[in-house]
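All remarks here apply to the structure that follows.
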Amino acid sequence: MMDQLSGSGGTPSCSDTSCCSGTSCCSGTSCCSGTSCCSGTSCCSGTPCGCHQISGLILAGGQARRMQLDGQPLIDKGLVGIGGEPLVARMRRYLEPQVAQVWVNANRQFDVYARYGRVAADDPALGENLGPLAGVASVLAQIETPWLAVVPVDVILLPDDMISRLARAAFDAQAPVAYATADGPQPLCMLLRQDMYCGLCDFLQRGGRKVQQWQQLNGAVAVKFAPNAHAFFNINTRDDLCAAQQLLASRKA
C-alpha cells in the first residue's frame, strides 16, 4: 500500500531506478500490485512496495534533561549505550529496511551521529528550543521523498509493522499525517507528507510547540496498536534505561 502514497495523490510509476541503490525496483510487476517490488534487496525488506517513497528520521536533538547529573558533562541520549550499542544505532537498524534513506536530527556531536545517517540540526531561522517539531521541519526541508517516517531515538521496541500500518492508514484516510496510539497517543511515532513543511514552519513561527496540536490541526489519523507496556516504552531517565536493559535481556533469554 505504501506504493500508492504520493504527495500529489497520484499513482507513482516504478519504472525508474530510484529504489534500492539504482536497481530496478519493479521489474516485471505492477507498482500497485501489492507485492514487494524490491524483493531480495535490503531496501524494502519486510515492507510493502514503496519504501523508496519514504525517508526515515530519528529524533535525537533533545537535551535529555532528565538524564543529566549536576556537575557532569552533558549526555547525548542518542549515544547512550544499551545492549552493547548506542540507542541511535538500534533505531537506525529499525528504520533502514523500511525507508530509502535514514536521517538523524541532532544538535550536538554531528560527526558521531553522521555514522548513523544524514544529520540535520534544528534550523536556527525558526528560533531556539522549539522541541521535536523543529527537527522534523529541518529534515522535511531536505528530503527528496514525498513522505517522512519519524521515530524518537529512545523508543527502542517499536512494532515491526508500525511504518507500513501508518502508511496504509494515511492512504485509506487520504490524510497528510498518521501517528501511532496504544495505551495513549504516541505523536512522535508518525508518518507525514513532505509538503507539510511550510505549514509546520508557520505553526512554529507563530509559537506552536505541541505535536498533537499540530497534528490535529492538519487532520492527522490515529492508528491503534494493541496495548503493550513495552512497544512504546521510552527512555527518559537513568531508571528507564535500566528497565530497558532488562527488557532486552528478557527478550534474549
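Per the listing A137, A114, A141, the residue uniquely modelled with pLDDT of 95 or more, within 20 Å of L204 (Cα to Cα), surrounded by fewer than 16 Cβ atoms within 10 Å (Cβ to Cβ) and not hydroxyl-bearing (S, T, Y) is A141.
For every residue, the table says whether it meets (1) among the basic types (K, R); (2) part of a strand (DSSP E or B).
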site: Y179; (1), (2): no, yes
site: D183; (1), (2): no, no
site: P187; (1), (2): no, yes
site: F203; (1), (2): no, no
site: A244; (1), (2): no, no
site: R251; (1), (2): yes, no
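When restricted to residues that are closer than 21 Å to S164 by Cα and either part of a loop (DSSP other than H, G, I, E, B) or among the aliphatic types (A, V, I, L, M) (or both), region 212-228 contains 10.
Restricting A178, A137 to those that are in contact with a strand residue (DSSP E or B) (Cβ under 9 Å, 6 or more places away or on another chain) and of a type outside the set (V, I, T) reduces the list to A178.
Does C26 count as modelled with pLDDT under 95, in contact with a helix residue (DSSP H, G or I) (Cβ under 7 Å, 6 or more places away or on another chain) and more than 20 Å from G135 (Cα to Cα)? Here the answer is no, as C26 does not meet what is asked.
The values are calculated or read from the model by the stated rules, or taken from the named source; none is laboratory data. A quick note: this is a predicted structure, and the numbers were derived from the prediction, not measured. Heads up, the Cβs are rebuilt from the backbone with ideal geometry, glycines too, and the neighbour counts pull from every protein chain shown.
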